[in-house]
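First the structure, in the form of structure tokens, and then the observations on it.
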Amino acid sequence: MPLDHAAVRHIARLARLAVADDQLDSLRSDLERVLHLFDDLAAANVDHLAPLAHPHDQSLGQRDDVVTEGDRSEELLALAPSAQGGYFLVPKVIE
Amino acid sequence: MSPASIATLAADLAAGRCSAEQLTEQALARAQRAAHLNSFIRVDAEAALQAARAVDARRALGHELKALAGIPFAHKDIFCTKGITTTCGSRMLEHFVPPYDAQVVERLGRAGAVSIGKTNMDEFAMGSSNENSAYGAVTNPWGSARVPGGSSGGSAAAVAAGIVPFATGTDTGGSIRQPAAFCGVTGLKPTYGRVSRYGMIAYASSLDCAGVLARSAADCARVFDEIAGFDARDATSVDRAADRTVDALDQPLAGLRIGVAREYFGSGVQDGVAARTHAALRELEQQGAVLVDITLPSAHHAIAAYYVIAPAEASSNLARYDGVRYGHRSADVRSLDELYSRSRAEGFGSEVQRRILVGTYALSAGYYDAYYLRAQKVRRLIANDFLGAFESVDLIAGPTAPTTAFGLGEKSGDALAMYAADVNTVAVNLAGLPAISVPAGFADDGLPVGLQLIAPAFAEARLLNTAHALQRVADWHLQEPAA
Amino acid sequence: MNASSNDSAAPTWQAVIGLEIHAQLSTASKLFSGAATAYGAEPNTQASLVDCALPGTLPVANREAVRKAIQFGLAIGATVAPHSVFARKNYFYPDLPKGYQISQYELPVVGRGTLAVRLDDGRVIHVEIERAHLEEDAGKSVHDAFHAETGIDLNRAGTPLLEIVSAPVMNSAAEAVAYMRTVHTLVRWLGICDGNMQEGSFRCDCNVSVRRPGAALGTRTEIKNVNSFRFVEKAIDYEIERQIRALENGETIVQETRLYDPARHQTRPMRSKESADDYRYFPDPDLPPLTIAPADIEHERARLPELPQARRQRYVDELGLPDADAGQLCADRATTDYFEAVLAELPGQAKLCANWVLGEVAANLNEAGIEIDAAPVAASALAQLLTRLREGIISGKIAKDVFAAMWAGQGDADAIIDARGLKQISDTGALGAAIDAVLAEYPAQLADYRGGNEKLLQFFVGQVMKRTRGQANPQQLNDVLRQKLAGS
């Protein structure tokens, strides 16, 4: 699967990773090499198999509907790069 | 001073021949002398000494103490430690101080073990050489220009250098076993779900396992018994009683069938590595094991499947690092878009960025079926291979890594060459099985070789028992690098 | 009914509408964490470490949310999936802390079902529901409180939602609103969602397209997060008209996400480009598949209350109530529960109880602007009043006065009747004395009546009632009055 610059930009945008123009080329060839690895998958005889998402045959464990967490706003907001008045702050978002 | 086993140290403490405070002071001093290895991201001397004194005080009051009480050790910097900076080897979390402890941290803390600091690691556990750390590479104590392996390179080096008798690690594609092999120590990757992932910073959720590196299988057993167990805070934690593996260490091997997979001895394997592996297996034969030739026909698909699944899960797990609630935020931000893309580009190293991009691609519209879904099917194929093999053998063996520790800088420019170092280990993670790397002597280059043993799910006791049997007759695990 | 919804759509265009309703499940704690879900808390005081997506934190599912989803599935006659899977929907937004929402994609917990929807004109349509699945809600953004910045409050992040997806089978705004109301009633009836639209517990995304009848489906637009029945109706009407006008002008419809602007009564495209995102759904590796055993389903089925449709029918068939009354009583669970509580103490008196609930109670609720569960007169108190009425202790008119006093908090029926001496006068002797007094007071009218003006009977009735402060038993009064007027 050849990757062009537009494709690299698109993936970088989906992943919210800034990629400078002068990085595009090397990134493109890096990614292409790794994606080459995946050609091997196409050859595998797996059409008859179900995907394995979890190693063990587990069912989802569930917890009771009880409030077990209290107010930790102070320590949580203290971790934030920008917080004010009890809110986490980000540059203004226009809807 | 020859590093003693946990059992010896525990006996010394119990008999009053030394105090926990003294042991901790000595560990801290060794850490200081070995600082050039860069195996630690941070050492917390004061906190460690305080914890040690607390153990001594409890002993003095006659409290009943566990085997690990007062034993100095280190945590891989991937485990959240309350009030103590946890970086995961990344700039993104350079100043992140978790408000809570990981399950593994809680358990070892309750057992009274004394952490002296957080060990260096490949950033977000992505790497096989510990050269991807934002805090500098780690040096293998066995060779100053050699990598220790990764991603738990700091933990492996710290144990190999005799700084601490054990260290915690994590293994997603070999990150405990491969550095254990490169550094001549014993490294246990438990069955997936055996040890809680709560508080363990996620890389690839369906593959990540917490485990231990130590100087012997017996020591690994002691630590494993302490950290294993169900945790309701991790929905993938397995609710299944576990017998103490320490109690099974001395069971004779008689008739144990060890499958030797021919796929693990391919052309990429260094001669010395193959030779040492066979030698170690012969020792086990002497002890009563029976060696059986087996085949794992899908083994060659493992790398491709792993490098689709792990980056895919990682691309999603690392989306939370956005500069909003914690972690690095770029200074130069004029919009939400820039907040995200600049903070992440600045906070993540190049290997992490590469894997995020690969993973994003593998999940993206039009590629999901061909990549991610297909890789999950290959994963089942590999798991079936193991199930089939375990119908006729009890364990599967091979070299942990195809080569001994490569040179610093040797593979860091070639991602694919680096990935190939994991060829023998990733399949185990895909299948969720337990495995151990045991020192098996030294190749011609004087560097350690590791023997990998793989067991069926939940058979850690058998793994540790077999590794222990080897360590009763061979002393490779007791060798120390020159200071 | 809005004229444009049926008439302005020219006969050659058909509107096709599907609704995605997000109902916040009324659990105490969140879907994947133990933080509280109560509305109105100070920002970020109900956000746990898991809700803030701290490194190393993991989701653990809330079993009550699963139960509520099962109950909904059973109520619409849908299959409850024995195995369903939580999947990650990946996108970046500040109110989405993990950078993905845990939702369900290919394998939802509830499959295909149906809901009978009664339209205003009495017709019943059967709306197919394609699926309902569990997912977590996002946090909230506050745009106007901070200069050049947006504030993020994660209290709501992680609250359980049931996303209910209808098939695109509705053809007018009226049908869509009727369906939305039916779902609203049902989720409150089941006790799985409080349906409080002001608080955002019940939100609706409307998918709208138009086509020539018989043609393939047209391009649809999605109007997001409409939170009132009125706005849904207006938004859909506007959108249908907008699309028709555009198509008739030779333009094409752009598939996009729009918002309804209530101030301008129109929809407009959303600025953010989230709708262009590729969500890269994949099964969440932190959550093994949700397994629901047949025994669990049967357990929930046994706990299901009688559903609105069935109860309405029973009121008609077994209680003999008119369909319209039955419908009103079954409009919501609180009303029917109230009615049934009253009826329980007056067996066989369904009509009487219904009249009072739909009459006096409803009128007072309306005037006070409150819901029946806030009524100052409890069902048992009303039952006591009606029992006194049935016993003949008070007349119907007096009962209304007593009710008004009860509503004003002056005590229960017995207390008020006693305090004001309101017991009905049925004693013929006492009545006779009152009648004699009235007849003596109005000799001219008496003569008039005996002269043939029979209409004056009501005058005398009125005067006796006044004299007895309304307490005369009407039936007895009538009998005795007639006797006396006849000259005995």
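The values are calculated or read from the model by the stated rules, or taken from the named source; none is laboratory data. Since the model is a prediction, treat every value here as computed from it, not as a measurement. As a convention, Cβ positions derive from the backbone with ideal geometry for all residues, glycine included, and neighbour counts pool all protein chains shown. When the accessible area is computed, the model is the full protein with side chains, heavy atoms only, and any ligands, DNA or RNA have been set aside. Shrake-Rupley method; radii C 1.70, N 1.55, O 1.52, S 1.80 Å.
Take the residues in the stretch C:272-286 that are outside any loop (DSSP other than H, G, I, E, B) and under 20 Å from residue B:357 (Cβ atoms); name whichever of them is modelled with the lowest pLDDT. Checking each candidate, the answer is C:276.
Among the residues examined, residue A:15 does not qualify as more than 7 Å from chain B (Cβ to nearest Cβ) and closer than 18 Å to residue B:312 by Cβ. Counting residues in the stretch C:36-44 that are on the phi > 0 side of the Ramachandran plot, open to solvent by 30 Å² or more (accessible area, probe 1.4 Å) and more than 9 Å from every other protein chain (Cβ to nearest Cβ) gives one or more. The set of residues from the stretch A:7-42 being under 14 Å from residue B:303 (Cα atoms) and in a helix (DSSP H, G or I) comprises A:33, A:34, A:35, A:36, A:37, A:39, A:40, A:41, A:42. Within the stretch B:138-157, residues that are touching a residue at least 60 places away in the same chain (Cβ under 8 Å) and farther than 9 Å from residue B:169 by Cβ sit with their Cβ atoms under 8 Å from residues that are part of a loop (DSSP other than H, G, I, E, B) and of a type in the set (Phe, Trp, Tyr), at 6+ positions apart or across chains, in these pairs: B:146/B:406; B:147/B:406.
Scanning the stretch C:321-340 for residues that are assigned to a helix (DSSP H, G or I) and open to solvent by 40 Å² or more (accessible area, probe 1.4 Å) returns C:323, C:324, C:328, C:333, C:337, C:340. Please verify whether the stretch C:103-116 includes one or more residues that are of a type in the set (A, V, I, L, M, F, W, C), in contact with a Gly (Cβ under 7 Å, 6 or more places away or on another chain) and without any contact (Cβ under 8 Å) to a residue 60 or more places away in the chain. Within the stretch C:103-116, one or more residues are of a type in the set (A, V, I, L, M, F, W, C), in contact with a Gly (Cβ under 7 Å, 6 or more places away or on another chain) and without any contact (Cβ under 8 Å) to a residue 60 or more places away in the chain.
The one condition from (1) in contact with a Pro (Cβ under 6 Å, 6 or more places away or on another chain); (2) modelled with pLDDT under 95 that residue B:299 does not meet is (1). Residues in the stretch C:45-72 that are more than 7 Å from every other protein chain (Cβ to nearest Cβ) and polar (S, T, N, Q): C:46, C:57, C:71.
Scanning the stretch B:324-339 for residues that are more than 7 Å from chain A (Cβ to nearest Cβ) and either open to solvent by less than 40 Å² (accessible area, probe 1.4 Å) or not hydrophobic (A, V, I, L, M, F, W, C) (or both) gives B:327, B:328, B:330, B:332, B:337, B:338.
Taking strands (runs of 3 or more DSSP E) as the structural unit, those lying wholly within the stretch B:159-262 and holding at least 1 residues that are touching a helix residue (DSSP H, G or I) at 6+ places or on another chain (Cβ under 9 Å) and farther than 29 Å from residue B:288 by Cβ correspond to B:166-171, B:209-214. The residues listed here are B:169, B:109, B:117, B:153; of these, the one that is modelled with pLDDT of 95 or more and open to solvent by 10 Å² or more (accessible area, probe 1.4 Å) is B:109.
When the stretch B:236-257 is filtered for residues that are within 14 Å of chain C (Cβ to nearest Cβ) and open to solvent by less than 10 Å² (accessible area, probe 1.4 Å), the ones remaining, listed by number, are B:236, B:237. The sole residue among B:384, B:429 that is under 30 Å from residue B:468 (Cα atoms), of a type in the set (S, T, N, Q), part of a helix (DSSP H, G or I) and open to solvent by less than 10 Å² (accessible area, probe 1.4 Å) is B:429.
Check whether at least one residue in the stretch B:340-352 is within 11 Å of chain C (Cβ to nearest Cβ) and of a type in the set (Val, Ile, Thr), and report yes or no. Checking the stretch B:340-352: not a single residue is within 11 Å of chain C (Cβ to nearest Cβ) and of a type in the set (Val, Ile, Thr).
Considering only residues of the stretch C:341-355 that are more than 19 Å from the chain's Cα centre (by Cα) and open to solvent by less than 20 Å² (accessible area, probe 1.4 Å), which is nearest to residue C:194 (Cα to Cα)? If we take residues in the stretch C:341-355 being more than 19 Å from the chain's Cα centre (by Cα) and open to solvent by less than 20 Å² (accessible area, probe 1.4 Å), then C:342 is nearest to residue C:194 (Cα to Cα).
For residue C:153, only one of the following conditions fails: (1) within 30 Å of residue C:70 (Cβ to Cβ); (2) touching a Pro at 6+ places or on another chain (Cβ under 6 Å). What is its number? Looking at each condition in turn, residue C:153 falls short on (1). Please determine, by comparing only the residues of the stretch B:440-460 that are closer than 30 Å to residue B:195 by Cβ and open to solvent by 10 Å² or more (accessible area, probe 1.4 Å), which one is nearest to the other protein chains (Cβ to nearest Cβ). My answer is B:457. For the stretch C:378-388, a residue qualifies if it is out of contact with any Leu (no Cβ under 8 Å at 6 or more places or on another chain) and open to solvent by less than 60 Å² (accessible area, probe 1.4 Å), and the qualifying residues are C:378, C:379, C:381, C:382, C:384, C:385, C:388. For residue A:8, the stated conditions hold: it is modelled with pLDDT of 90 or more, open to solvent by less than 10 Å² (accessible area, probe 1.4 Å) and out of contact with any strand residue (DSSP E or B) (no Cβ under 8 Å at 6 or more places or on another chain).
The residues in the stretch A:73-95 that are at the interface with chain B (Cβ under 7 Å from one of its Cβ atoms), open to solvent by 30 Å² or more (accessible area, probe 1.4 Å) and in a loop (DSSP other than H, G, I, E, B) can be counted, and the count is 2. Among strands (runs of 3 or more DSSP E) entirely within the stretch C:94-165, having at least 2 residues that are open to solvent by 40 Å² or more (accessible area, probe 1.4 Å) singles out C:113-118, C:124-136, C:140-146.
If you go through the stretch C:443-488 and pick out every residue that is outside any loop (DSSP other than H, G, I, E, B) and either open to solvent by less than 60 Å² (accessible area, probe 1.4 Å) or not small (Gly, Ala, Ser) (or both), you end up with 31.
A single entry from B:367, B:321, B:307 fulfils the requirement of being of a type in the set (Phe, Trp, Tyr) and open to solvent by 10 Å² or more (accessible area, probe 1.4 Å): B:367.
In the stretch B:410-422, the condition of being in a loop (DSSP other than H, G, I, E, B), of a type in the set (S, T, N, Q) and either under 22 Å from the mean Cα position of the chain (by Cα) or modelled with pLDDT of 95 or more (or both) is met by at least one residue. Scanning the stretch B:1-36 for residues that are assigned to a loop (DSSP other than H, G, I, E, B) and open to solvent by 70 Å² or more (accessible area, probe 1.4 Å) yields B:1, B:2, B:17. Residues that are away from every other protein chain (no Cβ under 14 Å) and hydroxyl-bearing (Ser, Thr, Tyr) within the stretch C:133-186 comprise C:166, C:172, C:179, C:182, C:185, listed in sequence order.
So for the stretch C:100-115 (the condition being within 12 Å of another protein chain (Cβ to nearest Cβ), modelled with pLDDT of 95 or more and in contact with a helix residue (DSSP H, G or I) (Cβ under 9 Å, 6 or more places away or on another chain)), does at least one residue qualify? For the stretch C:100-115, residues within 12 Å of another protein chain (Cβ to nearest Cβ), modelled with pLDDT of 95 or more and in contact with a helix residue (DSSP H, G or I) (Cβ under 9 Å, 6 or more places away or on another chain): present.
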